[in-house]
Each structure stands twice: as structure tokens, then as C-alpha cells.
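Structure first, then comments.
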Amino acid sequence: MTLSQAVTLVDTLARFHLKGESRQYFLGYLWWVLEPLLYVAVFYLVFDVLLGSRQPDFLYFLMVGKLTFIWFSKSVNQAAGSLEANKGLMAQTNLRKELFPLAVIHQGVYRQLAVFGFLICFLLMGGYLPSVAWLWLIPLALLQAMLIAGCGLLAALLVSLRRDFRLVIQLGTVFLLFMSGIFWDLNAIADARLRDGLLVLNPLANLIDCYRQVLMLGEAPKAIRLIWLLGESLLLLIPAWVAYDRLQFWIARQVVTR
Amino acid sequence: MTALLTLTDVSMHFSREADSRYAVFGGINLKVGAGECVALIGRNGSGKSTLLRVMAKIFAPTSGSVSWAPGVAVSLLTLGLGFRPDLSGRDNAYLSCLLLGLSRDEATQSLSQIEAFCDIGTFFDEPVRSYSAGMRARLGFGTALMNRSQVILIDETLSVGDQQFREKAREALERELAGDRSVVLVSHAEQQVQRLCQRAVLLENGVIAAEGSPDDVLAEYAATIGKTP
């Protein structure tokens, strides 16, 4: 299979899956935006209405953080189960195994484009003025897509080794939900070393903070933080790529004969 | 005869709960020549499907070697390759064609041929979840015929649909296989094996127990089954 055929196949698998999924629900494609918004509503109710957050513009702050986090968490969790979900196909064809998690990750990209569109409209309605800095949204989204691809490919590989990793990955994304500054501000950490350490160790926290800087403050993110994000994404992507390249048969055997 | 596919001393072990090195088969030596149709016969669980997957490059053997002639495409002929119930027959057929390695244009062009072969009328544009088992089989067979590989591996998938469609499917398959394509056919249908194959191989207790003309090997298989208590 040529690269162009692989790209076509991943794109078609993603689009057809989304089409099939939307047909299962009365509200169809609307769920792409409704589902993350319901999560935001729940968090807003708990942290602002009930607990009284002191964060200015908390709703916008929460939306930028939560809507970008959901892209990551949903894509990685779905990618983790993608090899198992395509067990039947894997038993019948010798397709490259990474195509399955990549198709799932690509679905997430389509969904997130709609979510970003909604987020921008919401920020504009909230009085946030668009600036040149908003263009940084494009490299940030690309970096997030790379990070998701690295994590998603490795997650699928781990689940093909042992199903137990599925639970570990689900717990891991819950841990990241609390550690990435979604409903609290990382900049409120008084200890600068601790704050910087968290930004370095958790690329999602770094990403979400950069998104807020761009969309809410209209500022360009610091180059060093983007370089960190790129480095960390590549650190996940390169070993994942090498592993898939070497373990094609092993993956098929693990998944099909389980 | 040029061998398109050669298996040399191939063995396969799987890890099972009761046995970490369960031997599916071992010491398999087999050659498939250009234009040849070989039947693979054996009881359920004898490893026929696993052997086809080794030939189709889906599994690597635990030991031994499998070689394919340069540039030769080998694939399993499968019904309903990854059919998604919420998509229409048309969408599923298109997706199956891409999975078979066809380009976007080739897949689009194949749709009218598949639609005509399936003969399921307006259902072709309805979600597959609304299909009867026979309609699914028709769609599956129609898309499987788009497989253009030189070596086709068939795993007991020919008896589908009603009597009329089975006849149509048999004719279509024999027409497709009439050229210089090679076939490895797993089948329990004696007549089919006798009509289509020049050679047969009996897989029993993880080894090749007999190899030769379909009539001889089928007789050996019948005797083997007869011996079973």
C-alpha cells in the first residue's frame, strides 16, 4: 500500500465512522459540540456556581481548557481500543496496524475543527477581540495533534499487549484532568520551580496554558514552551513509529488470537 | 511451474491459558504455482485458517520461512470486509474496495459493478443493519470479487445466499479464477474441491498428512474422519 493509499484509507475510515456514528443519534453531528459543552456545563456548575471560583472569566477559562483537553482524552482512549475493535479486519488483511489508531485520531481532528469553530464564536460573543496572536492556534493545534498521535499509538500498542492497560490509560487521563490546570490556573502556583516543573513534565498543562495565552490574552506563546511541546511529542511519536514498524506481525497475533 | 508462494518447514505456536506453547502445526512444506488451485482440507481446529493467514502475511510463522515471488500480491478473499452496520451498502462497498488496496477512482468505478452483481435494488443505498443475512452475503461476495491479487486464499466463504445466488457466485468465482491467478481454497464441499482444484493437501494433527490429487486426498480425509472414535 502506497503512502497516498494509506492516507486515503485513514481519511475514509475516519469520515465513514463519523457518518455511521452520527446516524445512531437523533441529534447526529450536533453531538460533536454538545457533548464537550455538557462537560463544561457540569464543571461550571460545580466549580463556579457551587464552589465560587475566583478565576476571572471562569466560563471562558474553563471552556478553553476543557474543550482542548477532551480532544486529547477522547482521542487517546478511543485509539487505545482501536486495534481490538478492528480485530476482525486484522484477521483478514495485512494492513499496517498503525492505520487503525491513526483513523481514530483523525476522527478526533474532524470533531475538534467543529469545536474550535464553536469556541472562537463563543469567545467573540464574550467580547474577546481577535488578534494576530490567534493565528498561533494553528501551530498549537498541530502540536496537540502530534501529542495525541504519539500517546494514542503507544496506548493502542500497550492495550494489544495486555487489556489491563485500557484501565490504566483511563485512570491516567483522569489524573491528567486534575493535573493540567483545566479548572484552576497553573500560574497561581506560588513556587516557580514547581510550576515550571509541571509545565515541562505535563505537556497538556503547557498546551492548555498556551491556548489561554493566545485566545484569552492575545499573546504569542513563548518559543521555548513550543519547543518543549515539539520535543515531547517527537519523543513519543518516534519510538511509537519504530515499534509499529517492527511489531506488525506481533500485534496481529496478540490481537487476533486473544 | 513457477512457485508464487513457498512454505519451508513452517511451524506455528500460540500461547493459550492451558499451554503457553500450543503447536497449531509444524514442518509444513508447500508450494503454490502460478495458475494452480490447491485445496486445503482438514477438520475444524486443524490450523487451516491460521495457515492461510501465514500465507497472507497476516501472521509470521514461529519458525520456518514463507517466501512470495517478487511483486506478487497475496490476499484472503473475505466476505464483508469490515462492514459497518450504520453505513449504506454503497459506502461499505467503497470502503471494502479501499481496504483491498484499490485507489479512490478504482473504488468509485467498481461500485456500479458491485451494485449490479449484488442485485439488491434500492437496498444498496440503505444502511447495512437493515439487510437480511442473504443480502449481506451478496454485498460481501460482490465486493470480494474486486480483489485483484494474483494469489487468492479462500476460507470457506462460497456457500452464501439462496440457491440462485449460490450458482451465480460459483460461476463468477470460476470466471475470476480462470486466468493465471493462483488459489488456495479451504473447503469442506467435495464437489467444489473436485471441480476447482488440481491438487489437495490434508492437514491433520498439525502436519501435512496427505498431498496429491483431490480425489485421493478426499478419500484419505474421509478415512481419517471414519477412524475417529
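Read the figures in this text as sums done on the coordinates, not as results from a lab. Computed from a prediction, not measured in an experiment: that's the story for all the values here. All Cβ positions, even for glycine, are placed from backbone atoms using ideal geometry, and neighbour counts span all protein chains on display.
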Original post:
Around A:ILE189, with a cut-off of 12 angstrom between Cβ atoms, what is the net charge of the other residues, counting Lys and Arg +1 and Asp and Glu -1?
Top reply: -2
**OP:** Would you calculate a helix-derived [θ] at 222 nm for chain B, using -39,500 (n - 2.57) for each DSSP H run of n ≥ 4 and dividing by the full residue count, to the nearest 500?
**Re:** -11000 deg cm²/dmol
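Assigning unit charges at the beta carbon (Lys, Arg +1; Asp, Glu -1) and nothing else, what dipole magnitude in debye, to the nearest 20, does the protein assembly as shown show about its Cα centre?
Dipole of the protein assembly as shown, to the nearest 20 debye: 620 debye.
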Subject >> Charge dipole of the protein assembly as shown about the Cα centre (unit charges at C-beta), most positive-ward option of A:SER75, B:ALA93, A:TRP184 >> reply: A:TRP184
Original post:
Can you give the charge dipole size of the range A:128-218 about its Cα centre, rounded to the nearest 20 debye, using +1 on the beta carbon of Lys and Arg and -1 on the beta carbon of Asp and Glu?
Top reply: 280 debye
Subject >> Positive dipole terminus of chain A, leading residue within A:VAL109, A:VAL200, A:HIS17 (C-beta point charges) >> reply: A:HIS17
**OP:** Quick one: grab the alpha carbon gyration tensor of the range A:1-80, order the square roots of its eigenvalues as a ≥ b ≥ c, and give me rounded if a/c is under 1.5, else prolate or oblate depending on whether a/b is larger than b/c.
**Re:** prolate
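In Å, what Kirkwood hydrodynamic radius results for chain B from the alpha-carbon pair distances?
It is 18.7 Å.
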Original post:
When the dipole is taken about the Cα centre of the range B:15-110, and only Lys, Arg (+1) and Asp, Glu (-1) are charged at their Cβ, what size is it in debye, to the nearest 20?
Top reply: 280 debye
Original post:
List the chymotrypsin sites (Phe, Trp or Tyr not before Pro) in the range A:19-80 that DSSP assigns to loop (not H, G, I, E or B) and whose Cβ has at most 12 other Cβ atoms within 10 Å. Which are they?
Top reply: A:TYR25, A:PHE26
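Could you tell me what a quarter of the Cα convex hull surface of the range A:1-148 works out to, in nm² with one decimal place?
Working: hull surface 43.9 nm².
Orientation-averaged projected area of the Cα hull: 11.0 nm².
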**OP:** Would you mind finding the longest exposed-site-free stretch of chain B, with exposed trypsin sites (Lys or Arg not before Pro) meaning DSSP loop and at most 11 other Cβ atoms within 10 Å?
**Re:** B:22-229
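If you build the convex hull over the alpha carbons only and average its shadow over all orientations, what do you get for the range A:78-232? Give it in nm² to one decimal.
Averaged projected area of the range A:78-232's Cα convex hull equals 10.5 nm².
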**OP:** Please work out the FRET efficiency for the pair A:VAL46 and B:SER103, using the Cβ-Cβ distance as r and a Förster radius of 45 Å; give the result to the nearest 0.05.
**Re:** 0.30
Original post:
Picking from B:VAL184, B:VAL217, B:GLN194, whose Cα lies most toward the positive end of the charge dipole for the range B:178-229 (charges on Cβ: Lys, Arg +1; Asp, Glu -1)?
Top reply: B:VAL184
Subject >> Ranked B:HIS188, B:HIS13, A:HIS17, criterion: other C-beta atoms within 10 Å, fewest first >> reply: B:HIS188, B:HIS13, A:HIS17
Original post:
Given the protein assembly as shown, what whole percent of its Cα pairs are spread farther than 32 Å?
Top reply: 51 percent
Original post:
Among all the lysines, which ones have a C-alpha under 27 Å from A:LYS74's C-alpha, if same-chain residues fewer than 8 places away are not counted?
Top reply: A:LYS19, A:LYS66, A:LYS87, A:LYS97
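Can you give me the convex hull volume of the Cα atoms of the range A:158-258, divided per residue and expressed in Å³?
Output value, Cα hull per residue: 123 Å³.
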Original post:
Taking only C-alpha pairs under 8 Å that are 6+ residues apart, what is the relative contact order of the range B:1-80 in percent?
Top reply: 37 percent
**OP:** Largest first and in whole Å, give the semi-axes of the range A:39-82's equivalent ellipsoid, each being the square root of 5 times a Cα gyration tensor eigenvalue.
**Re:** 26, 10, 6
